Amino acid sequence: MTIITVTAPAGRLSLAQRRRLAETLTDAVLEPEVGQHAPAARVGFQVHFHDLPVDCMAIGGRLLSDQDTLPDIMTVNIAVMNAAWPAQVRAEVIGNVLARLAEACEMPAPAPTWWINFEIIDEGSWGARGGVLSILQLLETGVFTPQRSNAIRAAVQPPA
């Protein structure tokens, strides 16, 4: 269960770019999360595009609408269930997301004003399927590699 929210100035991303990003951003997080490319896991991922008018965004203390040149700003918030998210896995996800954004925007590299926030939702704080959902309930779905399942169990379950 993962939610990826992309916030950008209205009109920054075309429909074609959003279509591409819906797929590529899902994969950018899915593969590190479950340990493999698992098409069956895609239903647990949502990508939301949030377009804001330029008079509702600011950088450097100034509204975008008041700047002579429109800066290329974008934020991506990634909310994931508590699992095994060591620094190197979070860094992999952030790098993947920035690379997919650059590809979709046909840029050689991500803009320095594209910012990624990676948020881990505490165990017991994610609701779905009519109640509170645990990552541990999802481990039996078969989409996680054994290595990833073991790492998640070790990270989420307290030692006996």
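Some observations on this one:
- Paramagnetic label zone (point 7 Å from Cα along Cα-to-C-beta, ARG62; backbone N under 17 Å) in segment 101-143: 113
- Among the trypsin sites (Lys or Arg not before Pro) in segment 69-158, those placed in a DSSP loop whose Cβ has at most 10 other Cβ atoms within 10 Å are ARG129.
- Whole-angstrom Cα spans of the chain along principal axes, big to small: 60, 30, 27
- Heavy-atom accessible surface of segment 1-92: percent carbon and sulfur, 1.4 Å: 53
- Residues whose placed amide H lies under 5 Å from that of MET74, excluding near-sequence neighbours: TRP114, TRP115
- Span from the segment 1-40 Cα centroid across to the segment 43-105 one, whole angstrom: 11
- In this view, the solvent-accessible surface of CYS56, computed with a 1.4 Å probe and all protein chains in place, comes to about 80 Å².
- Contour excess over end-to-end distance, with Cα ends at ALA16 and THR75 and 0.36 nm allotted per residue: 19.3 nm
- Around the amide H of VAL47, modelled in the peptide plane, lie the amide H atoms of ILE4, all under 5 Å away and 5 or more residues distant in sequence or on another chain.
- For PRO71, net neighbour charge (Lys/Arg +1, Asp/Glu -1) across residues whose Cβ lies under 11 Å away: 0
- Of the DSSP H helices in the chain, not one has a Cα length along its own long axis of 30 Å or more together with a mean Kyte-Doolittle hydropathy reaching -1.0.
- Spin-label pair ASP122/THR141, simplified geometry with 7 Å Cα→Cβ offset, distance in nm: 2.4
- Computed over protein heavy atoms with a 1.4 Å probe, the accessible surface of segment 80-151 works out to 53 Å² per residue.
- Each label was represented as a point 7 Å from its Cα along the Cα-to-Cβ direction; for ASP51 and VAL156 these points are 3.6 nm apart.
The values are calculated or read from the model by the stated rules, or taken from the named source; none is laboratory data. Keep in mind the model is a prediction, meaning the values are calculated, not measured. Reconstructed Cβ throughout: ideal geometry from the backbone, glycine too, with neighbour counts over all protein chains shown. Protein only, heavy atoms only, side chains kept; ligands, DNA and RNA dropped before computing areas. Shrake-Rupley method; radii C 1.70, N 1.55, O 1.52, S 1.80 Å.
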